[in-house]
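A short worksheet on the structure shown next.
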Amino acid sequence: MKRYLALAFLLIAVIIVGTGCGAVTEPPNPHNGFWEAFFVYPLYFLLVKAKDLLFGQWGLAILVVTLLVRLLILPLTIKQYKSTRAMQLLQPELKIINEKYKDNPQKRQEETMKLFQKSGVNPLAGCLPLLIQMPILFAFYRAIMGVNVSHPENFTFLWLDLSSPDPFYILPIVAALTTYLQMKISMAQTPQGSPQMNQQMKMMYTIMPFFILFIGITLPSALALYWVFGNIISIAQTYLLKDLRTVPNQEGASK
């Protein structure tokens, strides 16, 4: 069921991005409701102020905003890593369950979920920071289109018109590849749960790079640039915070 919910979420996200974002004719206004006041306008404000402080470089402004967003969701990332650590501690018991009920997938899944509930572990916690970033991505779209309305004359970076897709498809491909790399590194350092859960995670990791490639090809290149910066930061976080997700002497603990 969780697998189908994840697929439905991605499908809905594609529809929202593809059809829900109409033409933007004015910058964001904090008086236009909750969404613009607490999501869109803060991103717009930070982009403009960062550009002014960074010699008019919108690419650097996007980097600064990406860093600030990642700092904002850092508590969720730390919670994710701690959940990963807890999963590692459960590996001996998960192995016993998998072997004991290897011929009964339904019972194996039932016993696995009982173990997770008993231990207070959420096996899908690793997806939470990724899912949180989806509404931020939509808000960022609205913010950059507002920037294009208020600063149409210089909304550029390198060869890119940041309000339009990359005409050479370089940035979308880089965004998809760094997404795949970031997820592969994260999965390599994440302990394995039940076979069904592992399959769900692998499917999520397979779909997401194509989803980001779609966004990069069809939507403004500022979104792809934001995602590339975010992936690089996530890869760095994975290594800097690896002690939060690994258990010392795990082999000895498993015996």
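Residues to consider are Lys95, Lys79, Lys100, Lys118; find the one that is touching a Leu at 6+ places or on another chain (Cβ under 8 Å), surrounded by fewer than 18 Cβ atoms within 10 Å (Cβ to Cβ) and among the charged types (D, E, K, R). Matching residue, one of Lys95, Lys79, Lys100, Lys118: Lys79.
What residue, of Phe210, Phe168, is at pLDDT 65 or above, more than 30 Å from Glu93 (Cα to Cα) and not in a helix (DSSP H, G or I)? Please lay out each step first, then the result.
Numbers: Phe210 fails: not in a helix (DSSP H, G or I).
Of Phe210, Phe168, the one residue that is at pLDDT 65 or above, more than 30 Å from Glu93 (Cα to Cα) and not in a helix (DSSP H, G or I) is Phe168.
Among the residues of the stretch 69-82, some residue qualifies, meaning at least one is more than 30 Å from Ser119 (Cα to Cα) and of a type in the set (A, V, I, L, M, F, W, C).
Just to be sure before I move on: is Val24 modelled with pLDDT under 90, aliphatic (A, V, I, L, M), surrounded by 14 or more Cβ atoms within 10 Å (Cβ to Cβ) and outside any helix (DSSP H, G or I) in the structure I sent?
Numbers: modelled with pLDDT under 90: yes; aliphatic (A, V, I, L, M): yes; surrounded by 14 or more Cβ atoms within 10 Å (Cβ to Cβ): yes; outside any helix (DSSP H, G or I): yes.
Judged against the criteria, Val24 is a match.
The values are calculated or read from the model by the stated rules, or taken from the named source; none is laboratory data. Computed from a prediction, not measured in an experiment: that's the story for all the values here. A quick note on method: Cβ atoms are made from the backbone with ideal geometry, for glycine too, and the neighbour counts reach across all protein chains shown.
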